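See below for the structure under consideration.
The values are calculated or read from the model by the stated rules, or taken from the named source; none is laboratory data. The structure displayed is predicted, hence computed values, not measured ones. Here the Cβ positions follow ideal geometry from the backbone for every residue, glycine too, while neighbour counts run over all protein chains shown.
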Amino acid sequence: MPTTAPPSPSATQLPDLSDTRIAFSQYTDRGLLRAYWLFRVIGMPWLSSVGGSLSKVALALHLPIKGFIKATIFKHFCGGETIAESMVTAQKLGDGGLGTILDYSVEGQEDDDTLDHTTEEILASIAMAAARTDIPFSVFKPSGISPTHLLTAVSQGSTLGADDAREWTLVQGRMERICAAAAAAGVPVLVDAEESWMQPAIDGLATRMMERFNRERAIVYNTVQHYRHDRLAYLKQAFAAAENGGYHLGVKLVRGAYMEKERAQAQQEGRPSPIHADKAAVDRDYDEALRFCAQRMHRMAVMVGTHNEQSTLLMARLMGEHGVPRNDKRVYFAQLLGMSDNISYNMAAAGYNVAKYVPYGPVREVLPYLIRRAAENTSARGQMGRELKFIVAERERRARTR
Ligand SMILES: Cc1cc2nc3c(=O)[nH]c(=O)nc-3n(C[C@H](O)[C@H](O)[C@H](O)COP(=O)(O)OP(=O)(O)OC[C@H]3O[C@@H](n4cnc5c(N)ncnc54)[C@H](O)[C@@H]3O)c2cc1C
């Protein structure tokens, strides 16, 4: 006789991620048409790369293109220029059952004033999250609160000079303020992962924060990039450390955003690439990580940060198999604003926890982020086809049912 009842069919039935009616329920016909043209235009590789460079030059020259960018690509991929402006997007996502993760997306500034300002901005996003039920997480990029050369030097175990040592103390202080504020507000904080040459320093900071603030549940989440061939082993070690240390491991599982840069840097330095040789190996590790986590939820919390439908459905299935309720706060699915709405809205409609990264910041400062999104969506990559396919299907469905 089995000791436990088999899962009910409703517990194991997986959501249909291709239901475009649900996926685009928040879009008016006009909004859908705008998204269609946006993906058509940024799908042209030459236009994307020329457009990105031209925009940078035009903004630097104070040419009046900010309004155009703000009304088009910025409007699709960003919440607004400020937290207050982004609340319209948060409300809209909330109406569709999705959470918002405010992501201050200013990059590449290294002076102390900017790093302090970014810290204040992250603290403000935590305060906003504490005040609203539709903002379940906060997030930050470590390079937003630390000079990148310092993250690299600490990662390499270099001896720091007096100035750098002082600066590193400031960085640790910023990290502590953010995590302590997150813990006090009860708002989990995601630490984004960056290039491999900076990651050991970030892992060290995040682990120390987890040891302190994750005693009862996961408040601090570190990010694991599975395009790196050494990270499945890292995940397992991190879990063992959490078990030994008596704290909860918070992890955001991603594939990784810097593949070309990583490979080029490794080649330039004449060392082996830290990236898997092919996509199949990345997918295998990612899905193995999901299996590893699903079996260990007693001491873990997981954010499944992906636009990959197979991985999303695999985690949904694993949750059913391991008796993890769909709305269990220890498992969240997350996508970027403006991308993979078919996953986000269909998963939310099926009762899973879903949130969108909502980047915000001044248009000029967010431009590098937008250029990356455009590059990711050129026809040379897979994502553009995926986005357009669903938008076209929904436009056709609406035309048929009119
Ligand atoms: C909510 C959220 C948070 C994120 N946070 C981070 C973060 O903190 N740090 C970060 O680096 N990224 C982050 N990302 C981006 C993420 O790492 C991926 O770049 C992006 O999501 C695409 O991967 P995928 O799993 O969605 O989809 P897929 O389309 O299945 O995978 C594409 C990814 O596979 C890998 N890949 C593709 N081709 C190859 C190949 N030939 N060889 C080896 N690998 C290959 C690359 O990582 C590529 O990005 C985040 C994404 C989301 C949705």
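Out of curiosity, is Val171 closer than 28 Å to Tyr345 by Cα and either more than 20 Å from the chain's Cα centre (by Cα) or part of a loop (DSSP other than H, G, I, E, B) (or both)? Spell out how you get there, then give the answer.
On the way: closer than 28 Å to Tyr345 by Cα: no; either more than 20 Å from the chain's Cα centre (by Cα) or part of a loop (DSSP other than H, G, I, E, B) (or both): yes.
Answer is no for this residue.
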Counted residues in region 179-190 being closer than 30 Å to Arg263 by Cα and more than 8 Å from the ligand (Cβ to nearest atom) come to 1
Going through region 284-308 in order, the residues found to be surrounded by 17 or more Cβ atoms within 10 Å (Cβ to Cβ), within 12 Å of the ligand (Cβ to nearest atom) and assigned to a helix (DSSP H, G or I) are Asp285, Tyr286, Asp287, Ala289, Leu290
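Can we say Gly186 is in contact (Cβ under 8 Å) with a residue 60 or more places away in the chain, under 24 Å from Pro136 (Cβ atoms) and not aliphatic (A, V, I, L, M)?
Values: in contact (Cβ under 8 Å) with a residue 60 or more places away in the chain: no; under 24 Å from Pro136 (Cβ atoms): yes; not aliphatic (A, V, I, L, M): yes.
No: the conditions fail for Gly186.
Looking at Glu243, Glu260 in this structure, which one is among the acidic types (Asp, Glu), within 22 Å of Arg373 (Cα to Cα), more than 9 Å from the ligand (Cβ to nearest atom) and without any contact (Cβ under 8 Å) to a residue 60 or more places away in the chain? Walk me through it before giving the result.
Values: Glu243 fails: within 22 Å of Arg373 (Cα to Cα).
Being among the acidic types (Asp, Glu), within 22 Å of Arg373 (Cα to Cα), more than 9 Å from the ligand (Cβ to nearest atom) and without any contact (Cβ under 8 Å) to a residue 60 or more places away in the chain holds for just one of Glu243, Glu260, which is Glu260.
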When (1) farther than 20 Å from Ala316 by Cβ; (2) away from the ligand (no atom under 11 Å from the Cβ); (3) crowded, with 17+ Cβ neighbours inside 10 Å are applied to Ala266, the one that fails is (3)
Only one of Met315, Met319 is in a helix (DSSP H, G or I), closer than 19 Å to Pro188 by Cβ and more than 16 Å from the ligand (Cβ to nearest atom), namely Met319
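Looking only at region 334-358, which residues are among the hydrophobic types (A, V, I, L, M, F, W, C) and either at pLDDT below 95 or surrounded by fewer than 23 Cβ atoms within 10 Å (Cβ to Cβ) (or both)? Steps first, answer last, please.
Taking region 334-358 as the starting set, the residues that turn out to be among the hydrophobic types (A, V, I, L, M, F, W, C) are 334, 336-337, 339, 343, 347-350, 354-355, 358.
Matches in region 334-358: Leu336, Met339, Ala348, Ala349, Ala350.
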Of the residues in region 191-213, those that are assigned to a loop (DSSP other than H, G, I, E, B), more than 10 Å from the ligand (Cβ to nearest atom) and aliphatic (A, V, I, L, M) number 1
Only unsatisfied item for Val254, checking (1) under 19 Å from the mean Cα position of the chain (by Cα); (2) away from the ligand (no atom under 11 Å from the Cβ), is (2)
So, first residue under 16 Å from Leu314 (Cβ atoms) and assigned to a strand (DSSP E or B) in region 331-345, second residue more than 7 Å from the ligand (Cβ to nearest atom) and among the aromatic types (Phe, Trp, Tyr), Cβ within less than 6 Å, six or more apart or across chains; the pairs are Phe333/Tyr352
Only one of (1) more than 9 Å from the ligand (Cβ to nearest atom); (2) in a loop (DSSP other than H, G, I, E, B); (3) in contact (Cβ under 8 Å) with a residue 24 or more places away in the chain does not apply to Arg271, and that is (3)
